[in-house]
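Remarks on the structure that follows.
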Amino acid sequence: MKDALGAPQSLLVLGGTSEIALTTARAMVAERVRRVVLAGRPSAALDAAAEQLRGLGATVEVVGFDAAETDDHEKTIDEVFAAGDIDVVLLAFGVLGDQDADEKSPAAAARVAQVNYVGGVSAGLAAANALSRQGHGALAVISSVAGERARKSNFIYGSTKAGLDAFAQGLGDKLHGTGVHVMVVRPGFVRTKMTEGLPDVPLATTPEVVAEAIVKGLRRKSSVVWVPGQFRFVMSALRHVPRPIFRKLNI
Amino acid sequence: MSDGPSADARPTARRVSLNGWGRTAPSFADVVRPTNRDQVASALGQRTSRGVIARGLGRSYGDPAQNAGGTVLDMTGLDRILAVDLERGLVTCEAGVSLDRLIELFVPLGFFVPVTPGTRQVTVGGAIGADVHGKNHHADGSFCNHVLSIDMLMADGTERTITPDGDPELFWATAGGMGLTGLILSATIRMTPIETSLASVDTDRTKNLDEAMALMAETDEKYTYTVAWLDCLAKGANLGRCVLTCGEFAALDDLPAKKRRDPLRFRTGSLLTVPDLVPGRLPNKLTMGLFNELWYRKAPKHKVGQLQSITGFFHPLDLVQEWNRVYGRTGFLQYQFVVPFGREDGLVKAVETISAHGAPSSLTVLKRFGPGNAGFLSFPKPGWTLTLDFPTNTPGLARLLKQLDEIVLTNEGRFYLAKDSRMDPADLARMYPRLERFREVRAKVDPDGIFVSDQARRLGL
């Protein structure tokens, strides 16, 4: 249960090796979170993440979860909730893909969509239903500023996030008045292993800043969180740039 | 066949958002309002896997009368007085009867409730569940000291009558047990005889905390009802300055001739209702500092034998309906702790810490507890109890409360569960050494954990 100051006690991370998610988990364990469930594909990295959180004083369970295997989502997530209430679900899985290569390989492009969007819909609904039955809790969905307007340089990834973002917004409205809070998180360029090797861009941020924004947003029950906050205005302007000009922008 | 509602018609459940008096951490539950025992049993039978908790008038500050995703029984429909024995001063009433109702009915008959908290808008069931205390704790103990028997509906659907002698384990698990042992249906309470409905009150203003503590230690024994209001924003030489009020119910001879004609006259009601429009930042360091200054200055330096009404002396806040709205939508929390006698340093350190932080509490109350009772989770124990309320948007509040937690813990203190809305579950066992016994009884009478609240989940009770 969340306490009077909005601090949650339990956390389920879908995409248990996501740097943003793990940084958020560490920040939450430093407050009141004592039970963490890391759901992800079994790997040494996942076990290491669990070990690190245990070192901070949390009880950590590791659960096998594959974003692309949507048939298993409901069962896996229901089992986590059956073992005890979950105050926050962080939907953090996602792949960036390789835009140039994926354009030439429709099957590879579809895999990006399968994980980011299809997996997000399935896992998001499974989590939302479990939260609704519980009558309380929050679902934070990691979207991206890339979903706000598709750019020619990464429209495959951008379109999956656009779909996920729209899904999460609608879900949040649907669940309004049930005690379940859905929050869309739209980070800009975050320096993580997913973006390693990519050239830095303006307003680039770090997992720590994103984590802080997520913790704050959950406490305030925000419906959308931009990280950094300036993106709200940047994207608002970009959204209104006419197509002939937008397509010529080197972004 | 009749179209009208029959006696055993099942009341329908409504899914609504519930919160405590502090208006923080709301959650959704299916609320059912039974009006008789059969309906309570039927609602218990209809429960889901998310369990059931009873709710009275919602005066707990945090989440003990909430049950996210489950059933909450609004017990205020069980509002009948079942038996009265004026000779022995006993009343048997249903759990949803409020202390307000008892006072209204019994003061004209020459009886007052044995214990009342700062509001009389609490139910008998809630008063037992939280084992509430009042200004007479040092003299008379807490509410459950005056409860002779309780009728309960147990998890297995059976009804039981429990008494402190007949079933001490279950009785003292239920006293202060936050509704987690079963559903309280009715109780028999021993009322306190009074000659008049007026309190004779002595007031003293003290320059600082040390002076107040010395005066309280010295005068407590002479009075049945004592409490001190404390200015937690005062600093330096004025740190913890207090207005100490001590009183007794006036004897008939204490009244002026005019009032003697109707000595047990009692009027209920309120002056105003706070609208739900107050901006969240209204109670701040500045406004509360000003309020505290005025409140302190308006009190007489030393006054003896002033006659005050029951409302004026016991329940001044009841004059303002929905006063919790003063804190705006973001709400507030109460922080009440007790530290044992001999740990006065801890109390002083806590007041210093709050004063240095400048956290704006206006309804700060200091009181000396007498001996506690056998309740496993009953809050009072001999020592000093300090009650504060802070708007949740107070800058740096989480940090301040963490500091205070540390002071309370190192001084063998504990928190009051009826006020709690944010304590660290890890601290619970240290504060309540009989927690394990409570858990044993609960495991025996409710093995499946049917009775559960948001607070029980949050703290792992």
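Every number in this text was worked out from the coordinates using simple rules, so none of it is lab data. This structure is a prediction, so every number in the text was calculated from the model and none was measured. Note that each Cβ is placed from the backbone with ideal geometry, even for glycine, and that neighbours are counted across all protein chains shown.
General observations
- The dipole here belongs to chain A: it is taken about the Cα centre, uses +1 on the Cβ of Lys and Arg and -1 on the Cβ of Asp and Glu, and is about 1060 debye.
- Taking only alpha carbon atoms, the stretch A:10-248 gives an Rg to Rh ratio of 0.95, where Rh is the Kirkwood radius.
- Candidates A:R149, A:R239, A:R26, ranked by Gaussian network fluctuation over chain A, Cα under 10 Å, top entry: A:R239
- Built amide H within the under 5 Å cut-off of B:K135, gap 5+: B:T116
- Equivalent ellipsoid, chain B (semi-axes from 5 times Cα gyration tensor eigenvalues, Å): 34, 27, 21
- Mean Cβ neighbour count within 10 Å, used as a protection proxy, ranking B:298-304, A:27-33 highest first: A:27-33, B:298-304
- The stretch B:154-192-the stretch B:358-378 distance, computed between alpha-carbon centres (Å): 24
- Shape of the stretch B:245-357, Cα gyration tensor, a/c cut at 1.5: oblate
- Partner lysines for B:K259 [C-alpha distance under 22 Å; skip if fewer than 8 residues away on the same chain]: B:K303
- Where chymotrypsin sites (Phe, Trp or Tyr not before Pro) fall in DSSP loop in the stretch B:345-405, at most 13 other Cβ within 10 Å: none
- Mean partner shielding of peptide A:3-15, defined as the number of other chain Cβ atoms within 10 Å of each residue Cβ, is 5.
- The stretch A:1-50 and the stretch B:297-321 have Cα centres separated by 51 Å.
- Degrees, to the nearest 10: A:155-175 long Cα axis against longest axis of chain A: 40
- For chain B, a simple Cβ point-charge model (Lys and Arg +1, Asp and Glu -1, everything else neutral) yields a dipole of about 1280 debye relative to the Cα centre.
- Crossing angle, helix B:435-445 versus chain B [Cα axis fit, 0-90 degrees, rounded to tens]: 20
- Shape category assigned to the stretch B:187-289 from the gyration tensor of Cα positions, a/c cut at 1.5: oblate
- Within chain B, longest stretch clear of exposed GluC sites (Glu not before Pro) (DSSP loop, no more than 14 other Cβ within 10 Å): B:88-321
- Neighbouring partner chain Cβ atoms per residue of A:135-144, average, 10 Å criterion: 3
- Order by protection proxy (mean Cβ within 10 Å, highest first), peptides A:108-120, A:187-199, B:331-343, B:121-133: B:121-133, B:331-343, A:108-120, A:187-199
- The protein assembly as shown - charge dipole about Cα centre, Lys and Arg +1 at Cβ, Asp and Glu -1, debye rounded to 20: 2280
- For the stretch B:198-424, the Kirkwood estimate of hydrodynamic radius, built from reciprocal distances between every pair of different alpha carbons, is 18.8 Å.
- Relative contact order, whole percent, for the stretch B:1-131 stands at 21, derived from Cα pairs under 8 Å and 6 or more residues apart.
- Between 0 and 90°, nearest 10: helix B:209-219 axis offset from chain B longest Cα axis: 70
- Note on the protein assembly as shown: the alpha carbon radius of gyration divided by the globular reference 2.2 N^0.38 Å gives 1.08.
- Of the trypsin sites (Lys or Arg not before Pro) found in the stretch B:357-461, none is in coil by DSSP with at most 11 other Cβ atoms within 10 Å of its Cβ.
- Options A:A82, A:G6, A:V62, ranked by Cα towards positive dipole end of chain A, top entry (Cβ charges): A:G6
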